[in-house]
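So the structure is just underneath, and the comments pick up after that.
The values are calculated or read from the model by the stated rules, or taken from the named source; none is laboratory data. All figures in this text were calculated on a predicted structure; none of them were measured in a lab. Here the Cβ positions follow ideal geometry from the backbone for every residue, glycine too, while neighbour counts run over all protein chains shown. The accessibility values were calculated without ligands, DNA or RNA, using every heavy atom of the protein model including side chains. Shrake-Rupley method; radii C 1.70, N 1.55, O 1.52, S 1.80 Å.
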Amino acid sequence: MLNQYQQPIGDHLVDYHAGELPEIDQLIGTYARVEKLSLAKHGEDLYAVLGPEANDKDFTYLPINPFQTFSDYTAYIKTLETSNDPYYLAIIDKETGKALGLFALLNIDTANRAVEMGWVIYSDKLKQHRIATEAQFLVMQYSFEHLAYRRYQWKCDRFNQPSYHAAIRLGFTYEGCLRNAVVYKNRSRDSQFFSIIDQEWPAIKAMFQKWLHPSNFDAQAQQLASLNSFKTIKDA
């Protein structure tokens, strides 16, 4: 697209206006339920994920460490449940009703209709489980379809290979690395950026829906075909 000076410019957006902030009570899927984080509802369950029994190596790339006392833990969760950005959510096993992890929508940019998924902390029961994947899908769907956001972002420490591979598996496109972007735990971090944009969402949604269908799992809830085997959009 060219302007009156024959300079290339971005596409014109008709009737564009700022978006809304997230406001989630529950997002319900086949296997997972996502709820606004609450100390009263999720505190006891998530103490196993963030308390002294948590696996220290799961916190290498997070700014926090496992909490050694319940009082310190509850004080922290109280700050999370009242935070609007990041906007923290609990991940629930729909079958048992237990909270198995948490994540958050952050860097919420209503003016540009952009948001980031982050603060992903999974219990061992949630790792590599369809509940975690469906929870990610439910929040993506909410962001693109309810909030009508244009950009959904993921970023991670460049050394955090599990997070890198998770982003690629979930359909994000790698955009590049910002060097010396952050200092945490008294060390330097280069941040890798990924995104999904609104034009890509229909194809990514179809990928998730096909993978999440009950026919894609055996009696032990193990996948028969991988998520990316249903991918129809090309990597950039």
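List of remarks:
- In a simple Cβ point-charge model (Lys, Arg +1; Asp, Glu -1; nothing else charged), the chain has a dipole of about 560 debye relative to its Cα centre.
- Taking the Cα centre of the stretch 63-118 as reference, the dipole from Cβ charges on Lys and Arg (+1) and Asp and Glu (-1) amounts to some 80 debye.
- Residue among Gln26, Gln68, Gln220 with the largest mean-square fluctuation in a Gaussian network model of the chain, springs linking Cα atoms under 10 Å: Gln220
- Among the chymotrypsin sites (Phe, Trp or Tyr not before Pro) found in the stretch 124-176, those both in a DSSP coil and sparsely packed, with 14 or fewer other Cβ atoms within 10 Å of their Cβ, are Phe159.
- Cα coordinate range in the stretch 1-140, projected on the principal axes (Å, largest first): 63, 32, 26
- Distance from the C-alpha centroid of the stretch 134-164 to that of the stretch 198-223: 16 Å, rounded to the whole angstrom.
- Result for the chain in a Gaussian network model with C-alpha springs under 10 Å: among Ile91, Ile131, Ile24, the largest mean-square fluctuation is at Ile24.
- Using C-alpha pairs under 8 Å with a sequence gap of at least 6, the mean separation divided by the residue count of the chain gives a relative contact order of 15 percent.
- Prolate/oblate/rounded label for the stretch 174-218 (Cα gyration tensor, a/c 1.5): oblate
- Taking label points 7 Å from Cα along the Cα-to-Cβ direction, Thr110 and Gln161 give a separation of 4.2 nm.
- About the Cα centre, charge dipole magnitude for the stretch 79-179 (Lys/Arg +1, Asp/Glu -1 at Cβ), debye: 280
- Given charges at Cβ of Lys, Arg, Asp, Glu: the chain dipole, positive-most of His165, Gln128, Pro22: His165
- Overall, the ratio between the Cα radius of gyration of the stretch 22-70 and 2.2 N^0.38 Å, rounded to two decimals, is 1.37.
- Comparing Asp198, Asp25, Asp218 in a Gaussian network model of the chain (Cα springs below 10 Å), the most mobile by mean-square fluctuation is Asp218.
- Calculated over the stretch 129-236: convex hull of Cα atoms, volume per residue (Å³): 118
- The chain - Debye-derived log10 I(q)/I(0), Cα point model, q = 0.08, 0.11, 0.17 Å⁻¹: -0.32, -0.61, -1.42
- Against the criterion of solvent-accessible heavy-atom surface with a 1.4 angstrom probe, Glu81, Glu134, Glu145, Glu53 sort, most first, into Glu53, Glu145, Glu81, Glu134.
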